[in-house]
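Student: Before we start, here is the structure in question, set down as structure tokens.
The values are calculated or read from the model by the stated rules, or taken from the named source; none is laboratory data. Not measured: the values here are computed from a predicted model. So basically every Cβ, Gly included, is an ideal-geometry build from the backbone, and we count neighbours across all protein chains shown.
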Amino acid sequence: MKTISTRWAALSGGMMVVLAGLTLPTMGASATPAVTTTLAAKVALPPVALAHGGSGSKRKLQKDGTDAAAAKALAVVKAGGTALEGALAGTVVLEDDPRFNAGTGSNIRMDGKTIQMDAACMDGTTGAFGAVAAIERVKNPVLVARQVMDTPHIFIVGDGATRFARAMGHADFYPESPQAHARYEKVKRILNGKEMGDASEAWKRFNWQKAWNFTTGLKEALGSPDTVGCVARDKQGNYAAGISTGGTTITLYGRVGDVPIYGAGIFAGPKGSVACTGEGEVIVKHLVAKSVYDLMAGGMAPQTAVNRAIKAFPVEFDLGIIAISDKGEGGGCNYGESKVYTENMAWSIAR
Ligand code: GLY
């Protein structure tokens, strides 16, 4: 049998943190063991695609969107496209659906007009990674991230990313949507204290967020539509991941989360691929996607790895994950009341 060695074999171990039994590499560390796989093992597996609509997305109301994204990704790989092409196609479907916080539906930042987006993609067979951050005025940031892959760089940010997109032929597009405006207005009302019926000096001095005692949690009241993502396996058994976001609900100019950070928001290797959603700053610190990948590369089934990562994550922060490997598929999110993680996010599998 022909053995495929990948660049993973060259990576060495790094600093680790351990949370509730889950070993998570810290940022900048790489703990991937040497990994080899074989062509014979890869071709036996059928194509598959998963898509998620972000932590805070509603399974009942938005699953039709993630169904469409997963179906599109699967159609691409079934037609002979690569896993990367499939993952990108699925991510684009979600970027073009204004109900999701990415591309056309991206959040509006605190000034009420700025829209900045992050996106990334990764090819699990070649190890190629491309990302953009704080990019503005493009329709499909994940396709710009794909083009970054073809440069000597892996990550382009801000105005440089926007100008790179223009150079690559992406038209000027202000991704303004009624859904994002409605989210912005709601956040503004809550932050101004209007929803509590008082905006006196006393309220301004009072830490009402800490004292929030409604049955609807503060996060839910503010709304938490987050990152979208897609993972796919092609006919050759290659894996890839795509991810895209308009940032968190309350976001300063220039803020960047987990999405474009290598190993944080997505990871793909010869053994599988992973896409995350949730509180970017915390996901980065725990390199969640890479941690879940490592568990799967060690032989753990994806749903078990997803559950373990979610349980190990600080409970006060959102985390959602989708993952595939040669052992199956898994997904879930800690956002919401149910402890059944698979029920707490719109996400779909297409086989
Ligand atoms: N997970 C998306 C973000 O924090 O930007």
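Student: Going by the structure shown, is Thr245 over 19 Å from His52 (Cα atoms) and either within 13 Å of the ligand (Cβ to nearest atom) or hydroxyl-bearing (Ser, Thr, Tyr) (or both)? I'd like the intermediate steps shown before the answer.
Tutor: Numbers: over 19 Å from His52 (Cα atoms): no; either within 13 Å of the ligand (Cβ to nearest atom) or hydroxyl-bearing (Ser, Thr, Tyr) (or both): yes.
So Thr245 does not fit the description; no.
Student: Which numbered condition in (1) at pLDDT 80 or above; (2) within 24 Å of Ser55 (Cα to Cα); (3) aliphatic (A, V, I, L, M); (4) assigned to a helix (DSSP H, G or I) is the only one that Val138 fails?
Tutor: (4) is the only condition that Val138 fails.
Student: Being modelled with pLDDT of 95 or more and away from the ligand (no atom under 16 Å from the Cβ) is the filter here, so list the residues in the range 46-64 that pass it.
Tutor: Once the filter is applied, which keeps residues that are modelled with pLDDT of 95 or more and away from the ligand (no atom under 16 Å from the Cβ), the range 46-64 yields Pro46, Pro47, Val48, Ala49, Leu50, Lys63, Asp64.
Student: Leu24 versus (1) at pLDDT below 95; (2) farther than 19 Å from Gly242 by Cβ; (3) of a type outside the set (Asp, Glu); (4) outside any strand (DSSP E or B): which is the lone unmet condition?
Tutor: So Leu24 meets the others, but not (4).
Student: Here is a further query. Considering only residues of the range 146-199 that are at pLDDT below 95 and in contact with an Asp or Glu (Cβ under 9 Å, 6 or more places away or on another chain), which is surrounded by the most Cβ atoms within 10 Å (Cβ to Cβ)?
Tutor: Step by step, filter the range 146-199, then rank; the result is Pro175.
Student: I'm checking my understanding of the structure. Among residues of the range 261-282 that are of a type in the set (A, V, I, L, M, F, W, C) and closer than 17 Å to Cys121 by Cβ, which one is farthest from the chain's Cα centre (by Cα)?
Tutor: Of the residues in the range 261-282, the ones of a type in the set (A, V, I, L, M, F, W, C) are 261, 264, 266-268, 274-276, 282.
Add one more test, that the residue is closer than 17 Å to Cys121 by Cβ, and what stays is 261, 264, 266-268, 274-276.
Details: Ile261: 11, Ala264: 9, Ile266: 6, Phe267: 10, Ala268: 13, Val274: 9, Ala275: 5, Cys276: 4 Å.
Filtering first and then ranking leaves Ala268.
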